[in-house]
Amino acid sequence: MNLIKPFTITIISAKRFYHRDQKDENLTDKDIRRRTIHDVAKAAGVSISTASNALNGTGRTNAETRERVKRVAKDIGFRPNALARSLLTKRSHAIGMLTNDTYGRLTLPMAAGVSEVLVDQGLSVFLCATNNDPRLARLHLEALLDRQVDGIIFTATRLDLPPPIELSKLPIPVVYVFAEGPSDHISFVPDDAHGARLAVEHLKNSGRSRILHITGPDDYVAVRRRANAYRDSVGEGAEVLYGDWSEEWGHFAIDAVFSRTGEKPDAIFCGNDEIARGVIDALRDKGIGVPNDVAVIGFDNWEVIAKQTRPPLTTVDMELKELGRRAGLAILALAAGEDVDTGTTRLPCSLVVRKSCGGEL
């Protein structure tokens, strides 16, 4: 059987390999070369072993020397050899990121947050997409373990999707983000209830009182959490319409609501941005103004949709980059042998106000 190698994204520092200022305009190709530990030692006026110890945090090097060596290394554009560093520290200085998000809409913003934390520590990230295939997930895990990664971050497209059971048995640190792992592990998820409350309270503060919630399938735990928070905030008269995650559903729901008798909503809180765009299109088809007649809020802040909707869509941002950043900090701490509190941490959302609720954006 041929081992399937993981699709990888190596996130490295954008630091230059060499230092050049205005006085160096006449440097030749021979001068533009990768700086070595020998160059660092010579420029800092120390031995090679002292320079190595200072850069790797090993041995007995006083703080002043250590800081001088690091400063010199940065100034001359020194970049450590990854293989040599791994042999010295017995670490791969790489993290695996396992996801079932084939298109990367959720994972890529989280990966950006992870990279912000890891890049300054000289760590790379291998991003592996499983396509919800258990066999592919197992092969990716085997490949990551063969590479001796320092830890694994698992992320999914929905909070209630069970992570691969093998993750809980690995001999290396595992952190879950946008996924809930076992209680004795570390998980970071968006606070969906908080996001729903932000949306409803904004609509109420804007003078709206008949707020309808049009959302996705009720077998999603995120949908239920948002719907429950919506009901608690709206109180009497709260109505939730469940459907799928599509513009078509948003359009269909508006046709159904505005064809029935009785009082009509003056605001609609949608379960995602795609539904919200379908809602706005359907309201426009009926000659109903947004936001003058009906204000609309989405969920996700998927900018390719939210900014292109007419009018641009007010929406809840799940702060995916911050989720990734927190996961990166946790995996760094665990890889260093530090104690980190286990359990699920729910991070607050934010509201991005645009013209669909009367904002200026």
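The values are calculated or read from the model by the stated rules, or taken from the named source; none is laboratory data. Source: prediction; values computed, not measured. Glycine gets a Cβ as well: all are built from the backbone with ideal geometry, and neighbour counts include every protein chain shown. Each accessible area value is taken on the protein alone, full model and side chains, heavy atoms only, with ligands, DNA and RNA left out. Shrake-Rupley method; radii C 1.70, N 1.55, O 1.52, S 1.80 Å.
Every listed requirement among (1) open to solvent by 10 Å² or more (accessible area, probe 1.4 Å); (2) at pLDDT 95 or above; (3) of a type in the set (Gly, Ala, Ser); (4) closer than 30 Å to residue 173 by Cβ is met by residue 327 save one, (1). A count restricted to the range 154-180 and to residues that are polar (S, T, N, Q) and open to solvent by less than 30 Å² (accessible area, probe 1.4 Å) stands at 1.
Summed over the range 220-244, residues that are of a type in the set (Asp, Glu) and in a strand (DSSP E or B) total 1.
Per-residue answers, yes or no, for (1) open to solvent by 20 Å² or more (accessible area, probe 1.4 Å); (2) among the small types (Gly, Ala, Ser); (3) under 18 Å from residue 349 (Cα atoms):
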site: 244; (1), (2), (3): yes, no, no
site: 254; (1), (2), (3): no, no, no
site: 257; (1), (2), (3): no, no, no
site: 295; (1), (2), (3): no, yes, no
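Scanning the range 128-148 for residues that are surrounded by 17 or more Cβ atoms within 10 Å (Cβ to Cβ) and over 20 Å from residue 178 (Cα atoms) yields 139, 143, 144.
Where strands (runs of 3 or more DSSP E) sit wholly within the range 166-219, those with at least 3 residues that are free of Cβ contacts under 8 Å to residues at least 60 places away in the same chain occupy 211-215.
Filtered by the rule that a residue be among the acidic types (Asp, Glu) and under 14 Å from residue 199 (Cα atoms), the range 215-247 gives a lone residue, 232. Considering only residues in the range 112-125 that are of a type in the set (A, V, I, L, M, F, W, C) and within 19 Å of residue 336 (Cα to Cα), the one that is farthest from the chain's Cα centre (by Cα) turns out to be 123. The set of residues in the range 140-150 being at positive phi and modelled with pLDDT of 90 or more is empty. Whether any residue in the range 304-321 is open to solvent by less than 20 Å² (accessible area, probe 1.4 Å) and closer than 14 Å to residue 214 by Cα is what I want to check. Yes, that holds for at least one residue. Here the range 191-227 is the region considered, the condition is being more than 21 Å from residue 250 (Cβ to Cβ) and either among the polar types (S, T, N, Q) or touching a strand residue (DSSP E or B) at 6+ places or on another chain (Cβ under 6 Å) (or both), and the residue that is most open to solvent (accessible area, probe 1.4 Å) is 205. The numbered conditions (1) open to solvent by less than 10 Å² (accessible area, probe 1.4 Å); (2) of a type outside the set (A, V, I, L, M, F, W, C); (3) in contact with a Ser or Thr (Cβ under 9 Å, 6 or more places away or on another chain) are all true for residue 151 except (3). Within the range 228-242, being open to solvent by 30 Å² or more (accessible area, probe 1.4 Å) and either touching a residue at least 24 places away in the same chain (Cβ under 8 Å) or within 32 Å of the chain's Cα centre (by Cα) (or both) holds for 228, 231, 232, 234, 237, 238, 239, 241, 242. Scan the range 116-127 residue by residue and report those that are open to solvent by 10 Å² or more (accessible area, probe 1.4 Å), under 15 Å from residue 150 (Cβ atoms) and part of a helix (DSSP H, G or I). Once the filter is applied, which keeps residues that are open to solvent by 10 Å² or more (accessible area, probe 1.4 Å), under 15 Å from residue 150 (Cβ atoms) and part of a helix (DSSP H, G or I), the range 116-127 yields 117, 119, 121. With respect to the conditions (1) open to solvent by 90 Å² or more (accessible area, probe 1.4 Å); (2) modelled with pLDDT of 80 or more; (3) among the charged types (D, E, K, R), residue 39 falls short on a single one, namely (1). Among what's in the range 259-277 and is under 17 Å from residue 222 (Cα atoms) and of a type in the set (D, E, K, R), pick the residue that is least open to solvent (accessible area, probe 1.4 Å). Per the stated criteria, the residue is 273.
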